[in-house]
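Asks: Have a look at the structure that comes next, please.
The values are calculated or read from the model by the stated rules, or taken from the named source; none is laboratory data. Just so you know, these numbers come straight off a predicted model, no measurement behind them. All Cβ positions, glycine included, derive from the backbone under ideal geometry; neighbour counts span all protein chains shown.
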Amino acid sequence: MMKKLGFLISFLLGVLPAIAQIQIKGKVFSKSDGIPLEFASVALYNFQDSSLVDGGITDLEGIFLIDKIPAGNYYLVASFLGFNSQTIPNLQVDRNQKIDLGIIFLDQDSQNLQAVEVEGQRISTDFRPEKQSFSAENFEAAQGGTATDVLKNLPGVSINGEGTLSIRGSSGFVVMINGRPTQGDPMMLLGQLPANSIEKVEWLSAPSAQYDSEGKAGIINITTKKGATDGLYLQFNGKLGFPSIENYDNKAPQQRYGGDFNLNYLKGKWDISFGASYQRNDQSGRRVGNVYTISGDTTTYFPSEGERSIDEQNYSGRFTVGYTPNPSNSLSLGFYAGVRDRIRTADILYYDNHKEFPGGETLPFQYFNANDQNRRGDFALGSLDYVHSFSNGSKLSTSLLYEYSMLGGPTINRNLGYPDLSIVYQDEYNTNDNPLNGVRYNLDYTFKPSSIGNFQVGYQYRFLDHFGDFLYERKNNESGIWEIVPEFSSEVDLKRIIHTGYIQWDKKREKWSYSAGVRTEIMERKFQLQDKSGSLDTTYLYDYIRPFFSGNITYQANKELTWKLNFTQRVERETTFKMNPFPEREHSETLEQGDPNVLPEFINTLEVGMVKTWKDNSFYATAYFTQVENLVNRVNTVYNDSILNRIYSNVGTAKSIGLELGTELFFTEKWKGYVGGNVYHYSIQGEFDNRPVDQAAWVYSYNFNTTYNFTKSLSSQFSLNYLSKRVTAQGEDSRFYQPSLNIRKTFLDGQLALNLVWQNIDLGVLKTNEQRITTCREGEFFTTTNYIYEVDMILLNLSYTINRSKNRAKFVKSEFGEKEF
């Protein structure tokens, strides 16, 4: 281990010294509260004729840098929407001179702030070569929902019938909240974060070396709302669902209601935020399926139909304290916790079951399966961050994050007689409690700018302890005693330690921008497996030292057109659930288990694309190629004549080549549209269980919404999320789509907002919110299941905001922002 760390330290010391150059640098801050202004514009003009020479945009810390300029006499103008511009006159720049303007403070312009609030249309997307940013307000139908409802509208993002998000066909991505990465289940976190608390969403499809290497599809960063000026910002939101139009004869009525609030108080050096949420989101539905298995000379058929509903409750709380004693130092303490209770009911009648033996003999058998799967997800995140900015432009930052999450809850499986439900054939109960404890420490240093570019180096330590207690019990029908089933019960413990060092280089030269980086990981994985009887105690070890390279080239053809070329290498690691080889009873006909020898997925992604803006419109297109080694897929084998065994295991290599598009268009002053689309060719080649895997197909998805403002206070938005059919290792999943309509009315000069949402529009003819999943293996089994979820859901959302004008407005176009210097 010491040799590995020595290698890492040597790697971090490989930084080139800086040399002098002509440059002007500084920072732009808000004068009232002393906080940095991101996206502020800085323009350098020739003193003689006032012609524009160069310019730039401030980063997250308010820092700007203008270099590669000839000697001369200039003046500089710093500006940001909602603030008065500041001019720095008489800048005489000599050869090899460096000018540090320090901090430029901007005063607020209350008149301009009010103008932003009454503007009819504002651009709400920010397409950049390195990332795409989206204002959550752009997706009105998501209000009252969760972060999942916001994300499913992004280009390249799709959602399936099980509510799982995927990006470019992959469900593996990292979620960051306010720039802090998490290690737990991303879908659990997204399902507990209210959409009303989100200000913007950023998607980094090809992150640089300074970011975590984990996540097949890159990184999703969610920024939560808070104020921007001194004073109090407070928002209340409430949701109420109308009774279900379609209940599918489910045994219990669905309930949909909830509320949340966001509070932010900014005063001088302090920034305090607090928020809480409670949501009840039930959904009715049914399941229609057919399965047959072949075992020797016997074929068993068991078609089925019945209820598949979901009762779900989410509640969470957030708390952040920021302290900025001076412009050079900032400290932040954050806490975020939540609970998710989700009960999936699958009461299924296996109504025409029979076996076929040689000679045509059949043996019929009917039964009713009552199956409740209760999944409870608890999590808590605590973080401490410190940033110090040096006067020469260097920056030191460090952060500590602790994460706890607990996923568990029983699955109750009862096979009963039919039509006499008092007959109990089998009564089973299994749990899968698996708590996770994770620690992450980061230390990052950004060197002062130099003529050869900007350098950033860093170290990260990650520790994860993921324990799983899988208990499977079966009731003895004669004695009435619950008995442990040893072959299905186990304890597992996954420990993973990762040391990471990285170096990132960025350089700008006239119209060209370059970046390159390498992130080297030392990973050690220890997976301990023990059955409940104590007869099996095995430890599986796996480790690697591996570099992950990334690079970016950007060409600014003109102020409206930018070209990009990106490359990134990433990794996707599996959880204890997908490594535990002991089966869990998922349904009457399904067991589910993992593979203790499963390897991480290693990903290579290459992108080439462009970003185009004109007036208030924007458009981007990205062609990409992704290769995934050690692809993990869900595959089936036959456990016995009426039960399939679902296994998560490596099945080979997957390749995707596709095109992704996104645009925001303003047709008129009152009408705008947003479209995001993705089409790609997906293939899987490999083997599983000594059988070849060879699947390929074209897949496409698109997200569309259009908004029309009838008046200043009345608007309507229609949205559609569509995913085409796609292949898996052993079959295919059908198309899936969800159209929605939202009508929004504001009162009290925008402080009070009322949203009427019609989700999953179907009208009895569209087959909305349905998905069929089919798998087969010649000579062994065939299964097809159609999942039908609730349609025509009507929700009423109410929002009231105090000091609405004080909310951050980062999705505005500043005077020079659109030029993307």
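Asks: Could you tell me which of the residues 106, 81, 76 is crowded, with 18+ Cβ neighbours inside 10 Å, modelled with pLDDT of 85 or more, farther than 24 Å from residue 506 by Cβ and not polar (S, T, N, Q)?
Replies: Working: 81 fails: modelled with pLDDT of 85 or more; 76 fails: farther than 24 Å from residue 506 by Cβ.
Residue meeting the stated conditions: 106.
Asks: Spot the failing condition for residue 101; the list is (1) outside any strand (DSSP E or B); (2) at pLDDT 75 or above, and only one is missed.
Replies: With (1) outside any strand (DSSP E or B); (2) at pLDDT 75 or above applied to residue 101, the lone miss is (1).
Rundown of residues vs (1) surrounded by fewer than 18 Cβ atoms within 10 Å (Cβ to Cβ); (2) under 30 Å from residue 55 (Cβ atoms), yes/no style:
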residue: 478; (1), (2): yes, no
residue: 481; (1), (2): yes, no
residue: 501; (1), (2): no, no
residue: 510; (1), (2): yes, yes
residue: 523; (1), (2): no, no
residue: 543; (1), (2): yes, no
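Asks: When you go through (1) touching a Phe, Trp or Tyr at 6+ places or on another chain (Cβ under 6 Å); (2) more than 26 Å from residue 162 (Cα to Cα); (3) assigned to a strand (DSSP E or B) one by one for residue 432, which number turns out not to apply?
Replies: Of (1) touching a Phe, Trp or Tyr at 6+ places or on another chain (Cβ under 6 Å); (2) more than 26 Å from residue 162 (Cα to Cα); (3) assigned to a strand (DSSP E or B), only one is false for residue 432: (2).
Asks: Does at least one position in the stretch 766-778 carry a residue that is surrounded by fewer than 19 Cβ atoms within 10 Å (Cβ to Cβ), more than 22 Å from residue 793 (Cα to Cα), more than 27 Å from the chain's Cα centre (by Cα) and modelled with pLDDT under 90?
Replies: Yes, that holds for at least one residue.
Asks: Return a yes/no flag: does the stretch 672-684 have any residue that is closer than 30 Å to residue 645 by Cβ, of a type outside the set (Lys, Arg) and in contact with a Gly (Cβ under 7 Å, 6 or more places away or on another chain). Walk me through how you get there before you give the answer.
Replies: Taking the stretch 672-684 as the starting set, the residues that turn out to be closer than 30 Å to residue 645 by Cβ are 682-684.
Within this subset, residues satisfying the condition of being of a type outside the set (Lys, Arg) are 682-684.
After this cut, where a residue has to be in contact with a Gly (Cβ under 7 Å, 6 or more places away or on another chain) as well, the list is 682, 684.
Looking for residues that are closer than 30 Å to residue 645 by Cβ, of a type outside the set (Lys, Arg) and in contact with a Gly (Cβ under 7 Å, 6 or more places away or on another chain), one finds at least one in the stretch 672-684, hence yes.
Asks: Are there any pairs, at least 6 apart or on different chains, whose C-beta atoms fall under 6 Å, with the first in the stretch 274-290 and surrounded by fewer than 20 Cβ atoms within 10 Å (Cβ to Cβ) and the second among the acidic types (Asp, Glu) and part of a strand (DSSP E or B), and if so, which?
Replies: 288/305
Asks: Scan the strands (runs of 3 or more DSSP E) fully inside the stretch 452-511 and keep the ones with 2 or more residues being in contact with an Asp or Glu (Cβ under 6 Å, 6 or more places away or on another chain) and within 22 Å of residue 597 (Cβ to Cβ). Before the answer, list the steps.
Replies: Numbers: elements: 454-475, 482-484, 490-509.
It comes to 454-475, 490-509.
Asks: Name the strands (runs of 3 or more DSSP E) wholly within the stretch 530-606 that hold at least 2 residues that are among the hydrophobic types (A, V, I, L, M, F, W, C), in the same structural domain as residue 636 (by TED's automatic domain parsing) and touching a Gly at 6+ places or on another chain (Cβ under 8 Å)? Let's see the steps before the verdict.
Replies: Values: elements: 537-558, 561-572, 584-587, 590-593.
In the stretch 530-606, 561-572 are the strands (runs of 3 or more DSSP E) which contain 2 or more residues that are among the hydrophobic types (A, V, I, L, M, F, W, C), in the same structural domain as residue 636 (by TED's automatic domain parsing) and touching a Gly at 6+ places or on another chain (Cβ under 8 Å).
Asks: With (1) part of a strand (DSSP E or B); (2) touching a Lys or Arg at 6+ places or on another chain (Cβ under 7 Å); (3) not aliphatic (A, V, I, L, M) as the list, and residue 216 as the residue in question, which single condition is left unmet?
Replies: All conditions are met except number (1).
Asks: Anything in the stretch 784-803 that is outside any strand (DSSP E or B) and more than 22 Å from residue 250 (Cα to Cα)? List them, or say none.
Replies: 803
Asks: Is there any pair with a first residue in the stretch 56-84 that is of a type in the set (Val, Ile, Thr) and a second that is surrounded by 22 or more Cβ atoms within 10 Å (Cβ to Cβ) and in a loop (DSSP other than H, G, I, E, B) whose Cβ atoms are under 7 Å apart and which are 6 or more apart or on different chains, and what are they?
Replies: Note: pairs meeting the criteria are 58/37; 58/40.
Asks: Additional query: What do you reckon, is residue 396 free of Cβ contacts under 8 Å to residues at least 40 places away in the same chain, part of a strand (DSSP E or B) and touching a His at 6+ places or on another chain (Cβ under 7 Å)? I'd like the intermediate steps shown before the answer.
Replies: Working: free of Cβ contacts under 8 Å to residues at least 40 places away in the same chain: no; part of a strand (DSSP E or B): yes; touching a His at 6+ places or on another chain (Cβ under 7 Å): yes.
When the stated conditions are applied, residue 396 does not pass them.
Asks: Tally the residues that are among the hydrophobic types (A, V, I, L, M, F, W, C), within 20 Å of residue 614 (Cβ to Cβ) and surrounded by fewer than 17 Cβ atoms within 10 Å (Cβ to Cβ), restricting the search to the stretch 660-688. Explain how you work it out, then say what you get.
Replies: Filtering the stretch 660-688 for residues among the hydrophobic types (A, V, I, L, M, F, W, C) gives 661, 665-667, 671, 675, 679, 684, 688.
Those left that are additionally within 20 Å of residue 614 (Cβ to Cβ): 661, 665-667, 671, 675.
From the residues that got through so far, the ones that are surrounded by fewer than 17 Cβ atoms within 10 Å (Cβ to Cβ) too are 665, 667, 671.
Of the residues in that region, 3 qualify.
Asks: Every residue in the stretch 308-330 that is under 21 Å from residue 148 (Cα atoms) and either of a type in the set (Asp, Glu) or not in a strand (DSSP E or B) (or both), please.
Replies: Once the filter is applied, which keeps residues that are under 21 Å from residue 148 (Cα atoms) and either of a type in the set (Asp, Glu) or not in a strand (DSSP E or B) (or both), the stretch 308-330 yields 311, 312.
Asks: Return the residues of the stretch 686-704 that are acidic (Asp, Glu) and assigned to a strand (DSSP E or B); say none if nothing qualifies. Working first, answer last.
Replies: Let us first name the residues in the stretch 686-704 that are acidic (Asp, Glu), namely 687, 689, 694.
Hits for the stretch 686-704 are 687, 694.
Asks: Report yes if residue 717 is assigned to a strand (DSSP E or B) and over 30 Å from residue 303 (Cα atoms), otherwise no. Give the steps one after another, and end with the answer.
Replies: Numbers: assigned to a strand (DSSP E or B): yes; over 30 Å from residue 303 (Cα atoms): yes.
In short, yes.
Asks: Working carefully through the options 303, 253, find the one that is over 30 Å from residue 357 (Cβ atoms) and either modelled with pLDDT under 90 or over 30 Å from the mean Cα position of the chain (by Cα) (or both). Reasoning before the result, please.
Replies: Numbers: 303 fails: over 30 Å from residue 357 (Cβ atoms).
It is 253.
Asks: For a quick check of your reading of the model, give me the residue pairs whose first member lies in the stretch 341-354 and is closer than 8 Å to residue 309 by Cα, whose second is surrounded by fewer than 16 Cβ atoms within 10 Å (Cβ to Cβ) and not basic (Lys, Arg), with beta-carbon atoms closer than 9 Å and at least 6 apart or on different chains.
Replies: Short answer, once both residue conditions are applied: 345/252.
Asks: Would you confirm, using the coordinates I've provided, whether residue 441 is assigned to a strand (DSSP E or B), in contact with a helix residue (DSSP H, G or I) (Cβ under 7 Å, 6 or more places away or on another chain) and in the same structural domain as residue 373 (by TED's automatic domain parsing)?
Replies: no
Asks: Taking the condition of being modelled with pLDDT of 90 or more, among the basic types (Lys, Arg) and either closer than 12 Å to residue 544 by Cα or in contact with a Ser or Thr (Cβ under 9 Å, 6 or more places away or on another chain) (or both), how many residues in the stretch 486-530 meet it?
Replies: The total comes to 4.
Asks: Between 257, 248, 278, which is part of a strand (DSSP E or B), in the same structural domain as residue 656 (by TED's automatic domain parsing), out of contact with any Asp or Glu (no Cβ under 6 Å at 6 or more places or on another chain) and hydroxyl-bearing (Ser, Thr, Tyr)? Steps first, please.
Replies: Working: 248 fails: part of a strand (DSSP E or B); 278 fails: in the same structural domain as residue 656 (by TED's automatic domain parsing).
After ruling out the rest, the residue left standing is 257.
Asks: Moving on to the next point. Could you list, in sequence order, all residues of the stretch 381-411 that are of a type in the set (A, V, I, L, M, F, W, C) and at pLDDT 90 or above? It would help to see each step written out before you state the result.
Replies: Initially, the stretch 381-411 is screened for residues of a type in the set (A, V, I, L, M, F, W, C), giving 381, 384, 387, 390, 396, 400-401, 406-407.
Once the filter is applied, which keeps residues that are of a type in the set (A, V, I, L, M, F, W, C) and at pLDDT 90 or above, the stretch 381-411 yields 384, 387, 396, 400, 401.
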